[in-house]
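All remarks here apply to the structure that follows.
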Amino acid sequence: TYVITQACVDVLDKACIDECPVDCIYEGERMLYIHPDECVDCGACEPVCPVEAIYYEDDVPDKWKDFYDANVEFFSDLGSPGGAAKTGKIAKDHPLVAALPPQGE
Ligand code: F3S
Ligand code: F3S
């Protein structure tokens, strides 16, 4: 799976959403999360993020390793919704993200 990391927090550019052929990038309150089972590893989202928040799971920088689990665990109580557009914004964040101070300017 691909993974969205801390650079997305409070930025939410959403350019990635338009590139995903399976609509597996879901919106939380402060960042977006990639569904680990719905992602088909196509790589289309990674180059379009203006803040380089997206990485293939094996390439996530060490300082952001916890974001692999954050993306997976975000969906613990959601299962596999099967499409972000129909799901809409989800009113929560992973605890790791919720605890961060405001990011960006
Ligand atoms: Fe976030 Fe980048 Fe997508 S900032 S919403 S991962 S384009
Ligand atoms: Fe979607 Fe492909 Fe990224 S399936 S989440 S655009 S790697």
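The values are calculated or read from the model by the stated rules, or taken from the named source; none is laboratory data. Everything quoted here is computed from the prediction, not taken from an experiment. Cβ atoms come from the backbone with ideal geometry, glycine included; neighbour counts cover every protein chain shown.
What to note about this one:
- Condition check for CYS42: among the hydrophobic types (A, V, I, L, M, F, W, C) and within 12 Å of the chain's Cα centre (by Cα): no
- In segment 19-45, the residues that are free of Cβ contacts under 8 Å to residues at least 60 places away in the same chain, of a type outside the set (A, V, I, L, M) and within 9 Å of ligand 1 (Cβ to nearest atom): GLU19, CYS45
- TYR68 touching a residue at least 24 places away in the same chain (Cβ under 8 Å), within 15 Å of ligand 1 (Cβ to nearest atom) and in a strand (DSSP E or B): no
- Residues of segment 1-27 classified as within 10 Å of ligand 2 (Cβ to nearest atom) and not in a strand (DSSP E or B), total: 10
- For segment 1-60, a residue qualifies if it is of a type in the set (Gly, Ala, Ser) and in contact with a Cys (Cβ under 7 Å, 6 or more places away or on another chain), and the qualifying residues are ALA15, ALA44, ALA53.
- Of the residues making up segment 59-77, those that are over 13 Å from the mean Cα position of the chain (by Cα) and within 13 Å of ligand 2 (Cβ to nearest atom) number 1.
- Residue within segment 56-78 that is at pLDDT 95 or above and at positive phi present: no
- Qualifying positions in segment 87-99 - touching a residue at least 60 places away in the same chain (Cβ under 8 Å) and not in a loop (DSSP other than H, G, I, E, B): THR87, VAL97, ALA98
- Of all residues in segment 28-47 being more than 11 Å from ligand 2 (Cβ to nearest atom) and surrounded by 18 or more Cβ atoms within 10 Å (Cβ to Cβ), the one that is farthest from VAL97 (Cα to Cα): GLY28
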